[in-house]
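Remarks on the structure that follows.
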Amino acid sequence: MSAYDPIATLYDPWSTSVVEDISFYVEEALASGGPVVELGVGTGRIAIPTAMAGVHVIGVDSSQGMLDVCAKHARDAGIADRLDLRLGDLRRPPVDERVTLVTCPFRAFLHLRDDEERLEALRAARALLRPRGRLIFDVFAPSREDIEETDGRWIEREPGIFERADWDLREQTLTLSVRGPQGESRMTLWWLEPPRWHALLVEAGFEVEACYSWFDRRPYDGGEDTVWIGRRNESAQIATET
Ligand SMILES: C[S@@+](CC[C@H](N)C(=O)[O-])C[C@H]1O[C@@H](n2cnc3c(N)ncnc32)[C@H](O)[C@@H]1O
């Protein structure tokens, strides 16, 4: 069972204030011409507005609960025909189609625990892309201040929804606990410094086209967040390419 299954109906109220990335991903989807593969599609926070903008989305997620919520949102919004939801692991996405854009919004790659898993996921994303297609994702690496402020404390993120971060600096893990009226869960995230993400992208066969600090496309300035645009490098030799 996925750690997201018990909180599938809590996820939207929990992430209600996370809106800064939506127009960025929708713009990129429109610019790609679609269809888009979204890895870790969740409840469709990005996929629903993308489909509403007219772009066909193939959404992959390992949580059936999250996909069920997403499917309901799609029906309610009248865009179910533009959203193709598939249960599966983003390291082995159940997708035969080839697209010009693959996305992995809101830090879903931080669920990958080591470089082996990260490379598997990045190479799988590359294999979904048409020549010169792009992979766009965002991740973070916490600041000392963030760790000191939040470590081990329950914080009311939204009314009635509490979140606790337990940071392990040596292992570079964040154990995130959440509880609210609809359920509770705990999950681990593994963070990396930006130069490592850059190196992994190159190793997986991408050119790094941009690394932004935020969704307004300001260049990376050393902050906690990074937004990556990798373009499929056609001259790269990828041993495991399918
Ligand atoms: C932080 S949520 C992001 C959801 C959505 N993209 C958004 O922006 O709101 C991460 C999502 O990734 C999914 N996920 C985590 N690990 C996964 C894996 N190995 N394969 C597929 N989905 C995964 C989770 O089930 C969850 O829905």
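Please treat every number below as a calculation from the coordinates, not as lab data. Every value quoted in this text rests on a predicted model; they were computed, and no experiment measured them. Cβ sites come from the backbone with ideal geometry, for glycine too, and all protein chains shown count toward neighbours.
Looking across the range 225-242, the residues that are surrounded by 14 or more Cβ atoms within 10 Å (Cβ to Cβ) and either acidic (Asp, Glu) or more than 27 Å from residue 166 (Cα to Cα) (or both) come down to 225, 229, 230, 231, 232, 233, 236, 238. Has the range 117-133 got at least one residue that is part of a loop (DSSP other than H, G, I, E, B) and either without any contact (Cβ under 8 Å) to a residue 24 or more places away in the chain or of a type in the set (Lys, Arg) (or both)? No: the range 117-133 contains no residue that is part of a loop (DSSP other than H, G, I, E, B) and either without any contact (Cβ under 8 Å) to a residue 24 or more places away in the chain or of a type in the set (Lys, Arg) (or both). Among the residues making up the range 184-217, those that are in contact with a Lys or Arg (Cβ under 7 Å, 6 or more places away or on another chain) and of a type in the set (Gly, Ala, Ser) are 204, 205.
Scanning the range 175-191 for residues that are free of Cβ contacts under 8 Å to residues at least 60 places away in the same chain and under 14 Å from residue 108 (Cβ atoms) turns up just one, 176.
Residue count for the range 205-230, restricted to those that are under 23 Å from residue 100 (Cα atoms) and either among the aliphatic types (A, V, I, L, M) or in a loop (DSSP other than H, G, I, E, B) (or both): 9.
Give me the helices (runs of 4 or more DSSP H) completely within the range 1-103, filtered to those with at least 2 residues that are under 14 Å from the mean Cα position of the chain (by Cα) and surrounded by 15 or more Cβ atoms within 10 Å (Cβ to Cβ), ordered by residue number. Spell out the reasoning first.
Numbers: elements: 11-14, 22-32, 47-52, 64-77.
Here the list reads 22-32.
Criterion applied to 11, 4 was being within 11 Å of the ligand (Cβ to nearest atom), closer than 20 Å to residue 91 by Cβ and among the aromatic types (Phe, Trp, Tyr), and the one residue passing it is 4.
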